[in-house]
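The structure under discussion appears below in the form of structure tokens.
The values are calculated or read from the model by the stated rules, or taken from the named source; none is laboratory data. All values derive from a computational prediction rather than experimental measurement. With ideal geometry, Cβ positions are generated from the backbone for all residues, glycine too; neighbour counts draw on all protein chains shown. The area values use the complete protein model at the heavy-atom level, side chains included, leaving out ligands, DNA and RNA. Shrake-Rupley method; radii C 1.70, N 1.55, O 1.52, S 1.80 Å.
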Amino acid sequence: MKLYRSRHGILAEHAGRVYVLNASSWDHLVTREDLSDYLNRVTGAAQPVETLVPQDLLPPIGSQEVWAAGVTYYRSRNARMEESKGAGGGDFYDRVYHATRPELFFKAMPHRVVGPDAKVAIRDDASWSVPEPELTLFVTPGGKIAGYTIGNDMSSRDIEGENPLYLPQAKVYDRSCALGPCLLIADEPLSAATEIALEIRRGGAAAFSGATTLKEMKRKPEELVEYLYRSNSFPHGSFLLTGTGIVPPDSFTLQLGDEIRITIPPIGTLANVVG
């Protein structure tokens with residue numbers, strides 16, 4: 001089942017039909033520990049509506065914090081080591097890739113998050129910027145993975161590469177995160193064969209494309225969640241981006257007007273324009 005946050009309320013899509021849910025708020029709905037069972041009950045008694053209107057969709061987030069995991073794919077490990085070797089920090093990324101404890105960092109509060117078809121940003125003081133397409137977990141206050149969405153962890157590679165301690169500036173700024181188009185509610189984990197595909201279009205033509213699968217991710221989602229919830233509480237639940245396995249070549253940087261399309265088949269496509 002898919003949940004959408006819309007200008008006209010909260011919508012659920014199930015078995016080819018769309019339902020308007022009678023929920024007091026997004027937070028009140030998604031923080032239920034029995035979310036999947038609850039949605040099956042309420043949609044069974046609800047009247048379907050005609051269709052979704054993509055232009056009305058908002059990011060599927062209420063009051064949740066957004067966190068992210070780094071260096072969970074070998075491709076990301078290599079890219080981080082290469083970009084930071086001049087700063088002497090390259091070895092850090094190899095160490096964390098093999099370490100027991102994962103790299104976790106704060107990414108965004110809701111006001112820095114945009115939804116489908118909204119504009120993501122590149123920093124004014126960055127010269128090398130890329131999107132990072134990531135499977136994103138929705139985790140309940142009790143630490144249960146209740147759903148999945150698509151995340152774009154916009155990153156300034158030159159700033160992080162200059163010094164790994166600059167990571168918060170490279171990662172955390174207004175419109176540096178996109179989520180959507182929906183929240184896929186699923187009791188079972190996604191298959192390791194699930195593909196993540198990225199396409200960046202410039203002037204109507206493909207400027208870069210790439211793909212990976214979840215089987216390339218070194219760490220299990222449950223492991224990342226367990227570390228995130230150590231000594232941390234999330235009364236509204238949380239979103240956790242799980243890292244990227246797709247990195248454009250070093251010669252590539254985003255430009256204003258680029259369209260970024262990230263597709264994870266069970267969830268859909270998250271499309272944003274740089275602006």
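Say whether the condition of being among the small types (G, A, S) and at pLDDT 95 or above is met by at least one residue in the range 84-101.
Among the residues of the range 84-101, not one is among the small types (G, A, S) and at pLDDT 95 or above, which makes the answer no.
Yes/no per residue for (1) in a strand (DSSP E or B); (2) among the aliphatic types (A, V, I, L, M):
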{"position": "R5", "(1), (2)": "yes, no"}
{"position": "Y19", "(1), (2)": "yes, no"}
{"position": "A23", "(1), (2)": "no, yes"}
{"position": "N40", "(1), (2)": "no, no"}
{"position": "T51", "(1), (2)": "no, no"}
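For the range 1-38, a residue qualifies if it is in contact with a helix residue (DSSP H, G or I) (Cβ under 8 Å, 6 or more places away or on another chain), open to solvent by less than 80 Å² (accessible area, probe 1.4 Å) and within 21 Å of I150 (Cβ to Cβ), and the qualifying residues are M1, L3, R5, S6, I10, A12, H14, L29, L35.
Scanning the range 245-268 for residues that are open to solvent by 50 Å² or more (accessible area, probe 1.4 Å), closer than 11 Å to L198 by Cα and out of contact with any Asp or Glu (no Cβ under 6 Å at 6 or more places or on another chain) gives a single hit, E259. Can E132 be described as open to solvent by less than 30 Å² (accessible area, probe 1.4 Å) and either closer than 20 Å to M217 by Cβ or modelled with pLDDT of 95 or more (or both)? Criteria met by E132. Figure legend. Inter-residue proximity from the range 8-35: first residues without any contact (Cβ under 8 Å) to a residue 40 or more places away in the chain, second residues exposed (fewer than 14 other Cβ atoms within 10 Å of the Cβ) and of a type in the set (K, R), beta-carbon distance below 9 Å, spacing 6+ or different chains. No pairs are indicated.
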